[in-house]
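Colleague: Starting off with a structure, shown below.
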Amino acid sequence: MSSFDNIREILEKGNVVALTGAGISEESGITTFRGKEGIWEKFNPAIYANIPGLIGVFVFRPGRMRDFILEFYETIHNAKPNKAHYILLEMEKRGILNCVITQNVDNLHERAGSKNVIELHGNMIRFRCMKCKKEYTLDEKGLKELVHNLKRASRFQIIKLILPRCNCGGRYRPDVVLFGEALPQDEFTKAYMEIERANSLLLIGTSGIVYPAASLPYYAKEKGIMIIEINPSYTPLSRLADYTIFEKAAEAMPRIFE
Ligand code: OAD
């Protein structure tokens, strides 16, 4: 029996939870955060992943600020879900996958059609009012327009586009978690509850170095849950995993279910 057969057998038993990271979207054309050419290689997260840093960049280098925002929205706009996203959807439809817990903000699980998605770090195309908490999500057309307008935006237009006014007088912002910000507690509680009742945890494309998301596999291990990792590289989570497939997600996932 190959490890692919063993993994299939484990997953077919059902009660699977997936924890995904940037690697699952790599074959959709979105470079991982820490990979070669990744966004944190081009934009230092010590500056760009927190509010004080972003304010500084906006004041002194608005063009660079626009490049950073555009980098996210343009890649998300150009990306499409890949086989790995669709296999998770199929697993959900068949009733063997309870949910996808994702650290990704690219909306690709939802675009593939997955219904039970727990977003630990928010979603770039959803905007939330900082005052009244009202939310809206960009559709395909809205995202296209945002990318188009950002390319031509002056310093103050960038603010209008990325922090638009709400009827309540407050401003919306992209509903994502920056470094130093509180994580959505409800989502974390849901994630822990899902792991609590799972039989197996499928880790796909995460470096496992950003906490508290990376604590979830340790919790699963403590509970004695079977852990299967898919990642072309060794990660700190590999030593927890019962099986690691050192391959890309969109190649390994179809091989498991072929
Ligand atoms: P990283 O960029 O840290 O790690 C991506 C992982 O995906 C690495 O372990 C790669 O080896 C692996 N990988 C690359 N290509 C792959 C492929 N085709 N298939 C499968 N795996 C592949 O991304 P995350 O672990 O998601 O947080 O990063 C976690 C958090 O750090 C992000 O959510 C973000 C970031 O800063 C916030 O923005 C708050």
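Colleague: How do 224-233, 209-218 rank on mean C-beta neighbours within 10 Å, highest first?
Modeller: On the way: 224-233: 19.6, 209-218: 16.5.
The packing order, highest mean first, is 224-233, 209-218.
Colleague: Can you give the helix-only mean residue ellipticity at 222 nm for the chain, where every DSSP H stretch with n ≥ 4 adds -39500 (n - 2.57) and the sum goes over all residues, rounded to the nearest 500 deg cm²/dmol? Don't skip to the end; give the middle numbers.
Modeller: On the way: 12 runs with 111 residues, N = 258.
Roughly -12500 deg cm²/dmol at 222 nm, from the helical runs in the chain.
Colleague: Among Leu178, Cys166, Ser207, pick out the residue whose Cα is farthest towards the positive end of the charge dipole of the chain, where Lys and Arg carry +1 and Asp and Glu carry -1 on C-beta, about the Cα centre.
Modeller: So the residue furthest toward the plus end is Cys166.
Colleague: I've got another one for you. For the stretch 69-93 and the stretch 181-258, write down the distance between their C-alpha centroids in whole Å.
Modeller: Cα centres, the stretch 69-93 to the stretch 181-258: 18 Å.
Colleague: Using alpha-carbon pairs under 8 Å, 6+ residues apart, how would you state the relative contact order of the stretch 38-181 in percent?
Modeller: 23 percent
Colleague: Give the ranking of Asp139, Asp186, Asp67 by solvent-accessible surface, highest area first, calculated with a 1.4 Å probe.
Modeller: Values: Asp139 95, Asp186 115, Asp67 70 Å².
Greatest to least solvent exposure: Asp186, Asp139, Asp67.
Colleague: Here's something else I'd like to know. Run the quick spin-label model on Arg197 and Cys168: label points 7 Å from Cα toward the beta carbon, then report their separation in nm to one decimal.
Modeller: 3.2 nm
Colleague: Over the chain, give the accessible area per residue in Å² for a 1.4 Å probe, as an integer.
Modeller: Details: 12550 Å² over 258 residues.
Value returned for the chain: 49 Å² of accessible area per residue.
Colleague: Which order do you get for His77, His148, His109 if you rank them by accessible area with a 1.4 Å probe, largest at the top? It would help to have the intermediate numbers written out before the result.
Modeller: Working: His77 45, His148 95, His109 5 Å².
Most to least solvent-accessible, the answer reads His148, His77, His109.
Colleague: List the Cys residues of the chain that have no partner Cys with a C-beta closer than 4.7 Å.
Modeller: Among the cysteines of the chain, those whose Cβ sits 4.7 Å or more from every other are Cys99.
Colleague: Continuing with this model, one more query. Any idea what angle helix 3-12 forms with the longest principal axis of the chain, computed on alpha-carbon atoms, 0 to 90 degrees, nearest 10?
Modeller: The angle comes out near 80 degrees.
Colleague: Oh, and also: So what is the relative contact order for the stretch 103-149, in percent, with contacts set as C-alpha pairs under 8 Å and at least six apart?
Modeller: Details: 36 pairs, mean separation 13.8, N = 47.
Worked out over the stretch 103-149, it gives 29 percent.
Colleague: Answer rounded, prolate or oblate for the chain, using the Cα gyration tensor with square roots of eigenvalues a ≥ b ≥ c: rounded when a/c is under 1.5, else prolate when a/b is larger than b/c, else oblate. Before the final figure, lay out each step's value.
Modeller: Working: a/c = 1.95, a/b = 1.86, b/c = 1.05.
Judged from the Cα gyration tensor, the chain comes out prolate (a/c at least 1.5, a/b above b/c).
Colleague: Would you mind checking the pairs Lys93/Lys248; Lys13/Lys190; Lys160/Lys248 and listing those with alpha carbons more than 31 angstrom apart?
Modeller: On the way: Lys93/Lys248 23 Å; Lys13/Lys190 22 Å; Lys160/Lys248 39 Å.
Beyond 31 Å between Cα atoms: Lys160/Lys248.
Colleague: Show which lysines lie in cross-link reach of Lys42 when reach means a straight Cα distance below 20 angstrom and same-chain residues fewer than eight apart are skipped.
Modeller: Lys151
Colleague: Let me ask something else about it. Heavy atoms only, 1.4 Å probe, whole protein assembly: order Leu146, Leu163 by accessible area, highest first. Numbers along the way, then the final one.
Modeller: Values: Leu146 15, Leu163 45 Å².
The ordering from most to least exposed comes out as Leu163, Leu146.
The values are calculated or read from the model by the stated rules, or taken from the named source; none is laboratory data. If you're wondering where the values come from, they're calculated on a predicted model, not measured in any experiment. Virtual Cβ from ideal backbone geometry, glycine too; neighbours counted across all protein chains shown. Side chains are part of the model used for accessible areas, which takes the heavy atoms of the whole protein and leaves out ligands, DNA and RNA. Shrake-Rupley method; radii C 1.70, N 1.55, O 1.52, S 1.80 Å.
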